[in-house]
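J.: I'd like to ask you about the structure that follows.
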Amino acid sequence: MVLRLFAALVPPAPVLDGVEHATAELRGGALQGLRWVPRENLHVTLAFYGPVPDGAVPDVVDALADRVAATPPPTLHLSGAGAFSGRTLWLGVGGEVARLRDLMADAAAVLADERDDGPARPHVTIARSGRRSRGLDLGRVVRALAVYRGPDWRAETVTLLSSHLGEGRGGAPRYEVEAEVPLGG
């Protein structure tokens with residue numbers, strides 16, 4: 001079997017609570033057609049690894065652990081918002097972003113030949129527009145969330161996830177934890 005793997009930081013419950021609170025009023029009414037990412041799928045992607053044979057997962061875990069063993073855990077928070085291509089709504093990541101970018105580079109180097117270029121900026125995708133949302137002005141939503149700033153959290157663990165497309169709630173991907181790797185430092 002082949003797994004679609006990626007490394008991520010999964011925010012703790014208080015951070016996710018803040019996202020839910022900040023977006024509660026936006027989730028209904030005039031924004032029908034936006035597909036909100038389920039709480040359990042919210043994460044900061046560090047690196048995509050693509051299709052990997054399930055027998056190779058232990059090797060990926062070991063390589064990831066080796067790469068991040070000396071990386072001090074960054075203190076982060078979610079803040080601000082934006083949209084990619086007018087279709088993907090995201091919250092930005094603030095705090096020790098330079099340390100986060102180093103962590104992204106380390107995670108990406110685990111399978112350098114198989115990965116894509118990964119996300120251009122650290123972010124958490126919170127919603128995507130669908131066919132029913134044609135003409136929806138995501139700019140209005142971005143402006144509403146521009147002042148958002150969530151609680152700080154110390155990212156102490158890199159989570160290796162597999163993605164199972166269309167198997168989650170409402171046709172969203174279902175993510176399965178394959179391993180958790182502690183950050184060092």
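Let's see how each residue does on (1) basic (Lys, Arg); (2) modelled with pLDDT of 90 or more:
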position: 17; (1), (2): no, yes
position: 35; (1), (2): yes, no
position: 39; (1), (2): yes, yes
position: 52; (1), (2): no, yes
position: 58; (1), (2): no, yes
position: 81; (1), (2): no, yes
position: 87; (1), (2): yes, no
position: 94; (1), (2): no, yes
position: 108; (1), (2): no, yes
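J.: Restricting the first residue to the stretch 146-158 and requiring it to be open to solvent by 100 Å² or more (accessible area, probe 1.4 Å), which pairs with a second residue that is among the β-branched types (Val, Ile, Thr) and in a strand (DSSP E or B) meet a Cβ separation below 9 Å and a spacing of at least six or different chains?
T.: Pairs that qualify, where the first residue is open to solvent by 100 Å² or more (accessible area, probe 1.4 Å) and the partner is among the β-branched types (Val, Ile, Thr) and in a strand (DSSP E or B), are 154/75.
J.: Among the basic types (Lys, Arg), out of contact with any Pro (no Cβ under 7 Å at 6 or more places or on another chain), modelled with pLDDT under 95 and over 24 Å from residue 129 (Cα atoms): does that describe residue 67?
T.: yes
J.: Among the residues of the stretch 125-138, which ones are more than 13 Å from residue 27 (Cα to Cα) and modelled with pLDDT of 85 or more?
T.: Listed by number, the list holds a single entry, 125.
J.: Assess whether residue 182 counts as being closer than 22 Å to residue 54 by Cα, at pLDDT below 95 and either within 16 Å of the chain's Cα centre (by Cα) or open to solvent by 60 Å² or more (accessible area, probe 1.4 Å) (or both).
T.: In short, no.
The values are calculated or read from the model by the stated rules, or taken from the named source; none is laboratory data. Model, not experiment: these values are computed from the prediction. In this analysis, Cβ positions are derived from the backbone assuming ideal geometry, glycine residues included, and neighbour counts consider all displayed protein chains. These area figures cover heavy atoms from the full protein model, side chains too; ligands, DNA and RNA do not enter into them. Shrake-Rupley method; radii C 1.70, N 1.55, O 1.52, S 1.80 Å.
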